[in-house]
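Right, one structure below, let's go through it.
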Amino acid sequence: MLNTEESIQFEYIEKLKEIVAGIEKRLNRKPTCQVTTFGCQMNARDSEKLLGVLKTIGFKETEADDADFVIYNTCTVRDNANQRVYGRLGALKPFKKNNPEMKIALCGCMTQEKSVIDKLRKSYNFVDLIFGTHNLFTFPELLYRMYTSDSQVCEIWNDTEVIAEQLPVDRKYFFKSGINIMFGCNNFCTYCIVPYVRGRERSRKPEEIIEEIERLADDGVVEIMLLGQNVNSYGKKLENPISFAELLRRVEQIDKIKRIRFMTSHPKDLSDELIEVMKNSKKICKHIHLPLQSGSSKILKAMNRCYDKETYIALANKIRREIPDISITTDIIVGFPGETLEDVKETIDVIEKVSFDNAFTFIYSKRTGTPAASMENQVDAATVKKHFDMVLTKVQETAKKQLGRFLGRTVVVLCEGTNEQDADLLDGRMSGNTIVHFPGDASMIGKFYNVKLTAFHGFYYDGEIVDKAGNDCG
Ligand code: 5AD
Ligand code: SF4
């Protein structure tokens, strides 16, 4: 059943269908839309919702920049993402001059920052619609206002209690989907802007989540990714509290779902119960993304991460011991205020000891309003670059060794799509998240195969199909 908010938005969707039909008449062709996503899996999921509404009201998706409706779903975790958005926006201006029907919209984390809104108002007044992360579900209403007004529509909320997850969604893949199990974050890591732009942590009720996954499963989805900034604290504040591990147990019961992934796990909250559930599950993938951020206990303290170097290593060892073959991936920030060569060596030591299957390494980016931005001991760019290269080299060296361990084995692979470089090859994904290329055709997309891994190329494999896989996700 739809809640009140969802019903209101469906009414706007009906009104928008008429507006878009009018545009189609004037243009004498179907109007086009382009949705560009910056940032994380949460934004990717939000973009599927934007596209769902746009297609429902009559737009055709395009990758072209001169679409009749262009929307950027932004990220502001690091400043370079903001700069890319400003660059892309600037490049749209000439298209808009040539096409009086063209509309430009901006949403996502960047728009939750006041300084961004000020800048957009001053220098990018050709943007027609701006909204934030908390009111994304009102997209139909905002679109309607944009199409019926002569001036820029800008609406940003500071928070919301509303959860409206039953509006149209256009999934990028028919066989897999993300699903939000919670929103926001309460951790306030001192470098991170997420708690300020995504708000306080809120969990969805387990019944709603299960219902949505069942609907997705009936619609052909076999792999589900449970999304939250810190899934390990899922459900703790619900009226009827439930652990993340228990939620996983319930998702596992859904017959048609064959693979379960989740993102992201904060090391401080990872429970033994979760390890136990993962260990005994046939469906939960053998992959855990466990952001380290730094290997130095001193820096971890300054980051407010609530664990130290030894605890992290012990946790990773425990996971590897209990769940053999699991892939552990991580995020690392280099150049946090006060970080010295000694601290970087501690990070490198953890990389050597844990041997991550993959690590995303980031240069620290100063985010206005976060505690770290006003720390006095900021590290100079040249030193950060030197340290970053050291960390990256170590990550590449260890990941290559670690990931290569599957060579010669036969593993279960979910076939995800045709390879972009070679149309005779397919891209599949192992349980541990590693990509495998193997010969096949498009009819195999969305199905599981047993694939023998015949060559290793540093971060992906080549393989050959042995046979179609049974029910086991590998
Ligand atoms: N600078 C650099 N990297 C950051 N991240 C979050 N905030 C910052 C920042 N200010 C990284 C963290 C996080 C990932 C999603 O982005 O590593 O895990
Ligand atoms: Fe940011 Fe820390 Fe929350 Fe992750 S856990 S979103 S790094 S504040």
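Just need a number here: residues in the range 317-341 that are within 25 Å of the chain's Cα centre (by Cα), part of a loop (DSSP other than H, G, I, E, B) and within 16 Å of ligand 2 (Cβ to nearest atom).
Just the residues of the range 317-341 that are within 25 Å of the chain's Cα centre (by Cα), to begin with: 319-320, 323, 325-336.
After this cut, where a residue has to be part of a loop (DSSP other than H, G, I, E, B) as well, the list is 323, 325-326, 335-336.
After this cut, where a residue has to be within 16 Å of ligand 2 (Cβ to nearest atom) as well, the list is 335-336.
Qualifying residue count for the region: 2.
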Inset, instruction - For the range 269-281, name all the residues that are under 24 Å from the mean Cα position of the chain (by Cα) and over 10 Å from Leu248 (Cβ atoms). - result: Asp269, Leu270, Ser271, Ile275
Inset, instruction - Filter the range 105-146 down to residues that are among the aromatic types (Phe, Trp, Tyr) and either open to solvent by 50 Å² or more (accessible area, probe 1.4 Å) or under 25 Å from Asn3 (Cβ atoms) (or both), then give me how many there are. - result: 4
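Go through the range 175-189 and give me each residue that's open to solvent by 30 Å² or more (accessible area, probe 1.4 Å) and either part of a strand (DSSP E or B) or away from ligand 1 (no atom under 16 Å from the Cβ) (or both).
The first filter runs over the range 175-189 and keeps only residues open to solvent by 30 Å² or more (accessible area, probe 1.4 Å), leaving 176, 183, 186, 188.
Those that are open to solvent by 30 Å² or more (accessible area, probe 1.4 Å) and either part of a strand (DSSP E or B) or away from ligand 1 (no atom under 16 Å from the Cβ) (or both): Lys176, Phe183.
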Legend entry - Residue in the range 280-304 that is nearest to Pro267 (Cα to Cα), counting only those that are in contact (Cβ under 8 Å) with a residue 60 or more places away in the chain, within 16 Å of ligand 2 (Cβ to nearest atom) and open to solvent by 10 Å² or more (accessible area, probe 1.4 Å): Gln293
Legend entry - Condition check for Arg409: open to solvent by less than 80 Å² (accessible area, probe 1.4 Å) and either within 24 Å of Thr340 (Cα to Cα) or among the charged types (D, E, K, R) (or both): no
Legend entry - Which listed residue, of Asp46, Asp66, is of a type outside the set (Lys, Arg), touching a residue at least 60 places away in the same chain (Cβ under 8 Å) and either within 16 Å of ligand 1 (Cβ to nearest atom) or touching a Phe, Trp or Tyr at 6+ places or on another chain (Cβ under 6 Å) (or both): Asp46
Inset, instruction - Any residue in the range 12-33 that's more than 16 Å from Lys103 (Cβ to Cβ): show its pairings with residues that are modelled with pLDDT under 95 at Cβ separation under 9 Å, as long as the two are six or more apart or on different chains. - result: Ile13/Leu167; Ile13/Pro168
Inset, instruction - Might you let me know whether the range 190-201 holds any residue that is buried (at least 18 other Cβ atoms within 10 Å of the Cβ), touching a residue at least 40 places away in the same chain (Cβ under 8 Å) and more than 16 Å from ligand 1 (Cβ to nearest atom)? - result: yes
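Select, from Gly428, Gly432, the only residue that is open to solvent by less than 60 Å² (accessible area, probe 1.4 Å), part of a loop (DSSP other than H, G, I, E, B) and either at pLDDT below 95 or touching a strand residue (DSSP E or B) at 6+ places or on another chain (Cβ under 9 Å) (or both). Steps first, please.
On the way: Gly428 fails: part of a loop (DSSP other than H, G, I, E, B).
Going through Gly428, Gly432 in turn, the sole match is Gly432.
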Inset, instruction - For residues that are within 21 Å of Ile179 (Cβ to Cβ) and of a type in the set (Val, Ile, Thr), scanning just the range 16-69, find the one that is least open to solvent (accessible area, probe 1.4 Å). - result: Val53
Inset, instruction - Go through the range 242-262 and give me each residue that's open to solvent by 10 Å² or more (accessible area, probe 1.4 Å) and either small (Gly, Ala, Ser) or modelled with pLDDT under 95 (or both). - result: Ser243
Inset, instruction - Identify all residues within the range 366-397 that are assigned to a helix (DSSP H, G or I) and under 17 Å from Arg78 (Cα atoms); write none if there are none. - result: Pro371, Ala372, Ala373, Ser374, Ala381, Val384, Lys385, Phe388
Inset, instruction - Would you tally the residues in the range 316-353 being open to solvent by 10 Å² or more (accessible area, probe 1.4 Å), within 16 Å of ligand 1 (Cβ to nearest atom) and hydrophobic (A, V, I, L, M, F, W, C)? - result: 1
Inset, instruction - Please work out if Val70 is in contact with a Gly (Cβ under 6 Å, 6 or more places away or on another chain) and aliphatic (A, V, I, L, M). - result: no
Legend entry - Residue pairs meeting the criteria (Cβ under 7 Å; at least 6 apart or on separate chains; first over 14 Å from Lys345 (Cβ atoms), in the range 368-396; second modelled with pLDDT under 95): Thr368/Ser115; Gly369/Tyr196
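What about Val344, is it more than 16 Å from ligand 2 (Cβ to nearest atom) and in a helix (DSSP H, G or I)? Steps first, please.
Values: more than 16 Å from ligand 2 (Cβ to nearest atom): yes; in a helix (DSSP H, G or I): yes.
For Val344, the condition - more than 16 Å from ligand 2 (Cβ to nearest atom) and in a helix (DSSP H, G or I) - is met.
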Inset, instruction - Could you tell me which residue of the range 194-241 is modelled with the lowest pLDDT, considering only residues that are closer than 26 Å to Glu416 by Cα and within 16 Å of ligand 2 (Cβ to nearest atom)? - result: Gln229
Inset, instruction - Only residues that are open to solvent by less than 30 Å² (accessible area, probe 1.4 Å), within 16 Å of ligand 1 (Cβ to nearest atom) and assigned to a loop (DSSP other than H, G, I, E, B): list them for the range 202-231, please. - result: Gly228, Asn230
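The values are calculated or read from the model by the stated rules, or taken from the named source; none is laboratory data. Since this is a predicted model, take the numbers as computed values, not measurements. When we count neighbours, we look across all protein chains shown, and the Cβ atoms used for this are built from the backbone with ideal geometry, even at glycine. With ligands, DNA and RNA removed, areas are computed over all heavy atoms of the protein, side chains included. Shrake-Rupley method; radii C 1.70, N 1.55, O 1.52, S 1.80 Å.
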